[in-house]
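**Q** One structure coming up, written as structure tokens, with questions to follow.
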């Protein structure tokens, strides 16, 4: 071997040792954003943190408390010892946080929620939670960037929500049907979406979750798009008479506002 070749080989070995040293110093642990455990949490710490996060989430009308709920779960997420419930709850809370934060923060929040949902779905593929919240976060990302994210995400959202329906069609008051209907309505102009198919999903959903205000509001929207204004009015009338679920009062009000806007359009 020539002196030049020996020098080159030594440089390569030195570079490799430098990389290894840097990895050791940095702990080279595969850690996603939103994961900040200082040490492996005990089962008791996990339960305590999830309970605290749940209480904060129940007061999510205060965005600071919703942020703290997400942060509390972030502190116990452990990439080396995944906990199914922690992951899907983090995904769920991130979905709601993304709706509440300023526009510039939304994408990052929903990306983290999407990733956590995927992890939960891999951990427990026969449970609905991971699939649903993965699809819900991806759906919001699709709305945020309909061209760059939305078009290519349609099949993934459909797949996730159809999996929820296979496992537990009544999960989250049959919200998977509403998500599938939203995809149908959103893709009419550039894909294979169908308002008729949306109505089919929503009517099935209402059979399972008649108390779901979003199902009523979106069904009214689908009826309007098909010029079935009398049917739309019936759904809006029912929506306006519904008593909100105390756990989802803010979301109920959002659905009511959507219904009122539709009513103004067809009046």
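**Q** Could you list, in sequence order, the residues of the range 250-267 that are over 16 Å from residue 220 (Cα atoms) and either part of a loop (DSSP other than H, G, I, E, B) or free of Cβ contacts under 8 Å to residues at least 40 places away in the same chain (or both)?
**A** The one that is over 16 Å from residue 220 (Cα atoms) and either part of a loop (DSSP other than H, G, I, E, B) or free of Cβ contacts under 8 Å to residues at least 40 places away in the same chain (or both): 251.
**Q** Name the pairs whose Cβ atoms lie under 6 Å apart, with the first residue in the range 116-127 and in contact (Cβ under 8 Å) with a residue 60 or more places away in the chain and at positive phi, the second in a loop (DSSP other than H, G, I, E, B) and surrounded by 22 or more Cβ atoms within 10 Å (Cβ to Cβ), and 6 or more positions between them or separate chains?
**A** Matching pairs, first to second residue: none at all.
**Q** If residue 149 satisfies all but one of (1) farther than 27 Å from residue 208 by Cα; (2) free of Cβ contacts under 8 Å to residues at least 40 places away in the same chain; (3) exposed (fewer than 15 other Cβ atoms within 10 Å of the Cβ), what's the number of the condition it fails?
**A** Answer for residue 149: the failing condition is (3).
**Q** In the range 247-267, which residues are surrounded by 13 or more Cβ atoms within 10 Å (Cβ to Cβ) and more than 29 Å from residue 66 (Cα to Cα)?
**A** Scanning the range 247-267 gives 262, 263, 266.
Table: residues versus (1) under 19 Å from the mean Cα position of the chain (by Cα); (2) surrounded by 21 or more Cβ atoms within 10 Å (Cβ to Cβ); (3) modelled with pLDDT of 95 or more.
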{"position": "177", "(1), (2), (3)": "yes, yes, yes"}
{"position": "197", "(1), (2), (3)": "no, no, yes"}
{"position": "208", "(1), (2), (3)": "no, no, yes"}
{"position": "221", "(1), (2), (3)": "no, yes, yes"}
{"position": "224", "(1), (2), (3)": "no, no, yes"}
{"position": "231", "(1), (2), (3)": "no, no, yes"}
{"position": "242", "(1), (2), (3)": "no, no, yes"}
{"position": "245", "(1), (2), (3)": "no, no, no"}
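**Q** Pairs, please: C-beta under 7 Å, at least 6 apart or cross-chain, first residue buried (at least 18 other Cβ atoms within 10 Å of the Cβ) and in the range 93-114, second outside any helix (DSSP H, G or I) and at pLDDT below 95?
**A** 112/33; 112/34
**Q** Filter the helices (runs of 4 or more DSSP H) completely within the range 118-236 down to those with at least 3 residues that are within 30 Å of residue 86 (Cβ to Cβ) and out of contact with any strand residue (DSSP E or B) (no Cβ under 6 Å at 6 or more places or on another chain).
**A** 128-144, 151-167, 171-186, 213-225
The values are calculated or read from the model by the stated rules, or taken from the named source; none is laboratory data. The structure displayed is predicted, hence computed values, not measured ones. So basically every Cβ, Gly included, is an ideal-geometry build from the backbone, and we count neighbours across all protein chains shown.
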